[in-house]
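The values are calculated or read from the model by the stated rules, or taken from the named source; none is laboratory data. Quick caveat: nothing in here was measured; it's all calculated off a predicted structure. FYI the Cβ positions are ideal-geometry reconstructions off the backbone, even for glycines, and counts take in every protein chain you see. The accessibility values were calculated without ligands, DNA or RNA, using every heavy atom of the protein model including side chains. Shrake-Rupley method; radii C 1.70, N 1.55, O 1.52, S 1.80 Å.
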Amino acid sequence: MKGFMKLKKLPVFTLSLLCLFVCFSCSKDTPTLNDVRVHVEANTNEPVRIYGIKDSPESGLVIRNSYDKTFKAENEGLSIEARCKDGNTLITIKVWVNGKLKADVSGNKYLSSGYIKYD
C-alpha cells in the first residue's frame, strides 16, 4: 500500500516541476518594454530630416516645425539625428524614457542626441 501511495504522488510531483520550469522559462522570454517619447522642434518652417525614430524609413522622416511620437521599445537604446540644409534653423531634440528626460540638445544644421540608454 505504501508503494502505491508513492507512485500516486510521483505524477503530481513531476507535473509540479514541469509547471515551475515552464513558468521560469516564459518569464525570461518576455522583453522589457520602455515608453519612449521623441520630440523634435525647429524654429523655422524649413524641412528637417530626422533619423533613428522607430518605424521610420531608412532615408529618414521629413518634418516641418515639430514632430512628437511616443512608442514602446525593447532594445537597449537609440540615437536620434536631425539635419536641415538651412544653417540658421535651430533644431531641438528631446527624448524621454519611461517619463524621465534623457536628452535635451539644440543646434543648427546637424544635430545628434547621442546614444541614449533606456536603463
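Residues of the range 62-84 being among the aliphatic types (A, V, I, L, M) and without any contact (Cβ under 8 Å) to a residue 40 or more places away in the chain, which ones? Matches in the range 62-84: VAL62, ILE63.
Scanning the range 99-118 for residues that are outside any strand (DSSP E or B), open to solvent by 50 Å² or more (accessible area, probe 1.4 Å) and free of Cβ contacts under 8 Å to residues at least 40 places away in the same chain turns up LYS109, TYR115. Taking the conditions (1) open to solvent by less than 20 Å² (accessible area, probe 1.4 Å); (2) under 16 Å from GLU41 (Cα atoms); (3) of a type outside the set (Val, Ile, Thr) in turn, TRP96 satisfies each one other than (1).
Here the range 60-93 is the region considered, the condition is being open to solvent by 70 Å² or more (accessible area, probe 1.4 Å) and of a type in the set (S, T, N, Q), and the residue that is farthest from the chain's Cα centre (by Cα) is ASN88. Taking each residue of the range 46-58 that is under 13 Å from ASP68 (Cβ atoms) and looking for partners that are of a type in the set (Gly, Ala, Ser) and modelled with pLDDT of 95 or more with beta-carbon atoms closer than 6 Å, six or more apart or interchain, yields ILE50/ALA82.
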